[in-house]
Every structure is written in structure tokens, then in C-alpha cells.
1. Per DSSP H run of at least 4 residues, take -39500 (n - 2.57); add these up for the chain, divide by its residues and hand me the 222 nm value, nearest 500 deg cm²/dmol.
2. If a/c stays under 1.5 just call it rounded; otherwise compare a/b with b/c (prolate if a/b is bigger, oblate if not). Do that for region 1-152, with a ≥ b ≥ c from the square roots of the Cα gyration tensor eigenvalues.
3. Given contacts defined as C-alpha pairs under 8 Å and at least six residues apart, what's the relative contact order of the chain, whole-number percent?
4. Working only with C-alpha atoms, what are the Rg and Dmax values of region 112-255, expressed in angstrom?
5. At a threshold of 8 angstrom on Cα-Cα distance, excluding pairs fewer than six apart, so keeping six or more, what relative contact order does region 41-173 reach in percent?
6. Take each of the peptides 221-230, 78-87, 139-148, 117-126, average the number of other beta-carbon atoms within 10 Å over its residues, and list them starting from the highest.
7. Measure of size requested: the Rg and Dmax of region 191-255, with Cα atoms as the atom set and Å as the unit; please supply both.
8. What is the distance, in nm, between label points placed 7 Å from the Cα along the Cα-to-Cβ direction at Ala33 and at Ser243?
Amino acid sequence: MSTTRQNGSLYTTIENRIATVEFGHPASNSFVAELLSRLAKELEKISNDTTVSLIVLKSEGDKAFCAGASFDELMEVTNLDEGQEFFSGFANVINAMRTCKKLIVARVQGKAVGGGVGLIAACDYAFATENAAIKLSELTIGIGPFVIAPALERKIGKSGLVELSLAATDWKNAFWGKEKGLYARVFSSSKEMDIEVNLFTEKLASYNPEALHEMKKVLWEGTESWDILLKERAIISGKLVLSDFTRNALSKYRK
């Protein structure tokens, strides 16, 4: 059952040391600013929960995994402060995922665009179905995937980032994602995927929590500058969204 709430939904359930965080929004599980803020705070809270060993991140329904940031909110940006604040939403979530003391496993049942792809890249391990195609369409409206680029480059390399971001109108299928390292495993159905997600996370949750935390730190070595870096990237995007090119591109969507 998908949410009808315009500010989206966010639910966490904890069972057998596994925290399952599920987000949803009626517009293809896109993220409005409020929902991004709630997710960042929820990850920070779970990070310090000693009853939790790891996190599963998933979205509602059986269609899109995440359509990225809210297009409606993007079109409402009118000045640099608003632009920076808008693009800081995913920056804050990615940094919360990076600094979270728990490993994060993604369950990706469908397509992901823009910030949704960045969200997958910021997870430590990702399961996907054959429907989990990805696209970075930011250049088509005069901006770029600047905030999520560090997370993507870390996972799929500079060459993968180039392929994905410059071919801004092309979908890359789930097997491309697996080949590049975004997905660890790809399944023919959500049912098959969920069986494996459960087996994998149950095993992982049975391991020493201290060892899992130390592993998390190792995986994210070299990203200590991201607090500053992602804010700087949000400023770049915030400026570009005010450009004539982007204003004109967005005006077509308004019509």
C-alpha cells in the first residue's frame, strides 16, 4: 500500500537487530525536503541504537524505488539560499548514511533517478531486481548530479559516473549497475530478492556488532571531507538552478 501523504511517509521497524527503514511518496517515491530531513534524523538516531546491528533501506510499493528530489519543490526555488537548502537535502542524507555506525543494505525493487541513484550508492550493499534501471537526467535541465557524484564515484568509479551522467536521457539497466558495482546482486523478481535479503541480513545481524562498526569505518575511509564537499556541491547546484537555461527548461514542465 503506497502513501498518499504529500510530505511522504517514513516508517522504521526493528526486529532481530535489523532496522528496516521504509520511505514513500505518492510521486514515485520522490523526496520532498521534509522527508529528506526526517530520513537524515532517523539514520542518526538508529546509528546510536545499541539494539540495532544493521539497517535495510527500502521504498514503498512495487514500482519505482525513488524518483529523486521533488520536482515540484525544485521549480519553487527563487534565490541562492533556497537553492542551496534544496540541494543540501540529499547532501545531509548521504552524510548521515556515511557517518551512520550501522551498515546499510539497500532493497531496490524498481527504477531510480537522480538523487535516488545517489541514495543507492551511499548504501554499503545493494540488492536489486531486473526492473531497477537507473538514470541521471540532471544535465537535461541545466544542473548536474554534483551532490551525489562523490557517492557514485566511490561506488562505480569516474568512468561509470561519466557514462551515467553524460548520457543524461539514457536508462542503464540493473545488470549495468551490477557490472559497475552499484548492485551486489540482481534478481528476476522482488520475491526472490526478498528471500535473499532476509537470509543475508539475518546472517549479518548475527555477527559481532563492534566488528560490523569497524568494517563500516573501513569502507568509508577517505570521505572525511564530505561534510564540506557536499555543501560546496549544493551551492554549485543552487546557483545553476537559477540560471536562464534551467529556468527555461523548468518553464516547459510548468506548462
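1. -15000 deg cm²/dmol
2. prolate
3. 21
4. When restricted to Cα atoms, region 112-255 yields Rg and Dmax of 17.4, 55 Å.
5. Reported as a whole number, the value is 25 percent.
6. The peptides rank, most packed first, as 117-126, 139-148, 78-87, 221-230.
7. Over region 191-255's Cα set, Rg and Dmax evaluate to 21.2, 55 Å.
8. 2.3
Since every read-out is calculated from the coordinates, none of them should be taken as a lab result. All of these numbers come straight from a predicted model, not from anything done at the bench. In this analysis, Cβ positions are derived from the backbone assuming ideal geometry, glycine residues included, and neighbour counts consider all displayed protein chains.
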